[in-house]
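The values are calculated or read from the model by the stated rules, or taken from the named source; none is laboratory data. As the structure is a prediction and not an experimental result, all values here were calculated from the model. Neighbour counts are summed over all protein chains in view; Cβ atoms, including those assigned to glycine, are modelled from backbone coordinates with ideal geometry.
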Amino acid sequence: ATELFWNGFHHATNSYIFGDRYLDNEQSFNFDLDLMYVYKPLTTKMSFFYYNFYNYIYQDPVMDENGVQETAKVTGHDSALSWKEKGVPARVYGVAFEEKYTKKLDANEFELKFNFEAIRAQLKSGGNLPRIPTFNGSVSIQHSYNNYQGKVTYKYVDKNRFKADNETDTPAYSWVSVLVSYKQKTRYVEYELYLKGENLTNEIAYNNLSFLKETAPLAGRQISVGLEMKF
């Protein structure tokens, strides 16, 4: 319903969206295949998917005759970029892979994990769909001892190699995370005390899925302490 009847200013993305009540319902034929193979201490998972859209609905920029995205004047706000809802034939397909190694030594448990994801999204008429996750991979090491746990993760997010028309570049970035936690369960409450660090290398990172990736990049270095309680 949002895509069909929206026609106005969208505060969260500072954009002006033209809906289309005459768009057909979004329809697709989907195929998913999930595989898992366990040969201790290794666990392998693979996923494949293919979605054939007869009418993929998305927001496309409104361009002027010079190839520049048009803006709309909104009272009390800066000029807002204009977008229109479109329904087009498209295909979205991809693969995900995970390899996990686990090892127990008395009260110590170690886990090494590797992940990779790749997604492609294409217009059947030619070209690419916008705001699609880029190729990415991660590796993590986790150590658990009784109620204590520590985890270090390195993630690499590739640049946008398959840009849609009028879509801007999204550079690659690396993301380093660290988590140290202590869990305890009593008769009345279960709690977790944690220390967490995100983007520890303080990389400038942009989310390719966002309408505001240039004006609102991902957060820089973050250090947080927290307590979670379940009653």
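Among the conditions (1) under 24 Å from Ala121 (Cβ atoms); (2) surrounded by fewer than 16 Cβ atoms within 10 Å (Cβ to Cβ); (3) at pLDDT 95 or above, the only one that Gly197 does not satisfy is (1).
Within region 157-213, the set of residues being within 30 Å of Asn147 (Cβ to Cβ) and of a type in the set (Gly, Ala, Ser) comprises Ser177, Ser181, Gly197.
Among the residues making up region 184-200, those that are farther than 17 Å from Ser224 by Cβ, touching a residue at least 12 places away in the same chain (Cβ under 8 Å) and in a loop (DSSP other than H, G, I, E, B) are Tyr188, Val189. For region 81-98, does any single residue satisfy the condition of being part of a loop (DSSP other than H, G, I, E, B) and either modelled with pLDDT of 95 or more or touching a strand residue (DSSP E or B) at 6+ places or on another chain (Cβ under 6 Å) (or both)? No, every residue in region 81-98 fails to be part of a loop (DSSP other than H, G, I, E, B) and either modelled with pLDDT of 95 or more or touching a strand residue (DSSP E or B) at 6+ places or on another chain (Cβ under 6 Å) (or both).
For region 1-26, taking the residues that are in a loop (DSSP other than H, G, I, E, B) and in contact with a Ser or Thr (Cβ under 9 Å, 6 or more places away or on another chain), the one that is modelled with the highest pLDDT is identified as Gly19.
Glu65 passes every criterion in (1) in a loop (DSSP other than H, G, I, E, B); (2) of a type in the set (Asp, Glu); (3) surrounded by 17 or more Cβ atoms within 10 Å (Cβ to Cβ) apart from (3). Surrounded by 16 or more Cβ atoms within 10 Å (Cβ to Cβ), of a type in the set (S, T, N, Q) and under 14 Å from Val92 (Cα atoms): is that true of Asn128 in this structure? Here the answer is yes, as Asn128 does meet what is asked.
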